[in-house]
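Peer 1: Quick one: this structure, given as structure tokens, is what I'll be asking you about.
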Amino acid sequence: TGNMTTMTEFRWFGGRLALDFVATLGKRDTAVVERIPTAGDLARWFHEAGLGDVRVSTEDLADAVELREALYGLFTNTSADLVTVNHWTERPVPGGRIERVEGQLRRVQSRLTAADLLSLLARDAVDLLTGPGAERVRMCAGDDCTLLFVDESRAGNRRWCSMEACGARSKMARYRAPRA
């Protein structure tokens, strides 16, 4: 895509990890913003999302982008790449083992991989898409924003991914608009 820029700051307005993951590609309708252009950026996203520190290969990055776009299509009803999503949800769940440490039983988590984390993201998306929050997934009403979020407002009428960002810009634009 010739009209793509990269940005290193991630967006955390979605309310669910799967939606924050989809937000690694922003401004889809205008000047596309890629937030995970390298494997290192994806590793940093995993870390900042609280999923852990994992080594990410270029293949993992390609898998992540494919999953991200499949999830975006499902969340927006623009495509239904169920094969890709199901590939990730059908992977074995990363487990752990139990050990006795100083007389106490403790769970020791297996070392996670990038593929394990993609699987967790796919499962989060499926839980959201098939649960009671599915009809609360919204796209930001900001002029050039395409971020998705879960509307958790009581009235169910949240319009922006972030009031501080898109909401404030929209209100300022309305304020500055000529009065008819």
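The values are calculated or read from the model by the stated rules, or taken from the named source; none is laboratory data. Every value quoted in this text rests on a predicted model; they were computed, and no experiment measured them. When we count neighbours, we look across all protein chains shown, and the Cβ atoms used for this are built from the backbone with ideal geometry, even at glycine. Side chains are part of the model used for accessible areas, which takes the heavy atoms of the whole protein and leaves out ligands, DNA and RNA. Shrake-Rupley method; radii C 1.70, N 1.55, O 1.52, S 1.80 Å.
Peer 1: In the stretch 130-143, which residues are open to solvent by less than 60 Å² (accessible area, probe 1.4 Å) and either more than 15 Å from the chain's Cα centre (by Cα) or within 11 Å of PHE75 (Cβ to Cβ) (or both)?
Peer 2: Result: GLY131, GLY133, ALA134, VAL137, ALA141, GLY142.
Peer 1: Given the criteria over 17 Å from CYS145 (Cα atoms), modelled with pLDDT under 90 and either among the aliphatic types (A, V, I, L, M) or open to solvent by 70 Å² or more (accessible area, probe 1.4 Å) (or both), does THR1 qualify?
Peer 2: It is true that THR1 is over 17 Å from CYS145 (Cα atoms), modelled with pLDDT under 90 and either among the aliphatic types (A, V, I, L, M) or open to solvent by 70 Å² or more (accessible area, probe 1.4 Å) (or both).
Peer 1: So, one more: Report, by residue number, each residue of the stretch 35-68 that is out of contact with any Asp or Glu (no Cβ under 8 Å at 6 or more places or on another chain), closer than 14 Å to ARG11 by Cα and aliphatic (A, V, I, L, M).
Peer 2: ILE36
Peer 1: Answer yes or no as to whether TRP160 is among the aromatic types (Phe, Trp, Tyr) and in a loop (DSSP other than H, G, I, E, B).
Peer 2: yes
Peer 1: Hey, another quick one. Would you mind stating whether ARG28 is open to solvent by less than 60 Å² (accessible area, probe 1.4 Å), more than 13 Å from the chain's Cα centre (by Cα) and under 19 Å from LEU148 (Cα atoms)?
Peer 2: Yes, satisfied.
Peer 1: Among the listed residues LEU148, LEU112, which satisfies the condition of being in contact with a helix residue (DSSP H, G or I) (Cβ under 6 Å, 6 or more places away or on another chain) and open to solvent by less than 80 Å² (accessible area, probe 1.4 Å)?
Peer 2: Checking each option against the conditions leaves just LEU148.
Peer 1: From the residues in the stretch 127-145 that are assigned to a loop (DSSP other than H, G, I, E, B), modelled with pLDDT of 90 or more and touching a strand residue (DSSP E or B) at 6+ places or on another chain (Cβ under 8 Å), which one is farthest from LEU25 (Cα to Cα)?
Peer 2: Going through the qualifying residues, I end up with GLY133.
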